[in-house]
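Enquirer: Take a look at the following structure, please.
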Amino acid sequence: MMKNALLLLVILYPVIGITQVKIDQTSQIVISGEIKKQLVITVRDVEMAAQEQIGDVTITNHLGVVKETAKGLKGVKIKDLLANLELTNDNPKFSSTYYFVFTANDGYKTVYSWNELFNSPVGEKVYVVSSKDGKNMQEMPERMLVITPSDYKTGRRYIKGLDSIIVKRVE
């Protein structure tokens, strides 16, 4: 019995190691696409911006199963960090046709519309996390981290290692 368990462990260990995804820390978010000028948000930019207490947030998956609790969060509203963003079309009538593709360095993607970020209560609760579990950004293994605590299934837009935001437009 012990021999079988050891054999199973030897066989599965490499598979378990392969399936675990390590999140590489990112130190900047590059914003590009349908904007007049590319923007770069750095760790320093986040640290220098107005911080808000977010508190503890329970992270759930798409089924609502609790995966973890992020404790003692502080952050900066993404809409404040994107305040200088200039869309390619100056006419405010077309702002509603823009959306933002947030991409992590492991390829995970999620989307926010312009209206969500700048014209609804959702935008008041989309943060780049500046402190988690008593650690500042420099110490956080998953920086740049974005969270939307008002989402029902918080893990869907819990973006670890965010490295780009591509602004697109629906035609």
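Quick note: the coordinates plus some simple rules give every number you see, no bench work behind them. These numbers come from a predicted model, not from an experiment. Here Cβ is always computed from backbone atoms with ideal geometry, including for glycine, and neighbour counts include all displayed protein chains.
Enquirer: When ranked by the protection proxy of mean other Cβ atoms within 10 Å per residue, highest first, what sequence do the peptides 39-51, 62-74 form? Let's see the in-between values first.
Expert: Values: 39-51: 14.8, 62-74: 12.5.
Order by mean packing, descending: 39-51, 62-74.
Enquirer: Also, I was wondering about something else. Could you work out the Kirkwood radius for the range 23-169, taking every pair of different alpha carbons, averaging 1/r and inverting it, reported in Å? Before the final figure, lay out each step's value.
Expert: Details: mean 1/r = 0.0651 Å⁻¹.
Evaluated on the range 23-169, it is 15.4 Å.
Enquirer: Among the chymotrypsin sites (Phe, Trp or Tyr not before Pro) within the range 118-171, which fall in a DSSP loop and have no more than 10 other Cβ atoms within 10 Å of their own Cβ? Please list the in-between numbers first.
Expert: Values: sites: PHE118, TYR127, TYR152, TYR158; in loops: TYR152, TYR158.
Here the sparse-neighbourhood loop sites are TYR152.
Enquirer: Same structure again: Report the full-extension gain for the segment THR69 to PHE94: residue separation times 0.36 nm, less the Cα-Cα distance, to one decimal in nm.
Expert: Details: separation 25, 0.36 × 25 = 9.00 nm, distance 3.85 nm.
Residue separation times 0.36 nm, minus the Cα-Cα distance, leaves 5.2 nm.
Enquirer: Most exposed first by the Cβ proxy, i.e. fewest other Cβ within 10 Å, how do LYS125, LYS109 rank? Working shown, then result.
Expert: On the way: LYS125 17, LYS109 11.
With the fewest neighbours first, LYS125, LYS109 line up as LYS109, LYS125.
Enquirer: Further question: About the Cα centre, and with charges only on the beta carbon of Lys, Arg (+1) and Asp, Glu (-1), how big is the dipole of the range 23-169? Nearest 20 debye, please. Present the calculation step by step, with values, prior to reporting the outcome.
Expert: Numbers: 20 positive and 18 negative charges, 57 e Å.
Charge dipole, the range 23-169, about its Cα centre: 280 debye, nearest 20.
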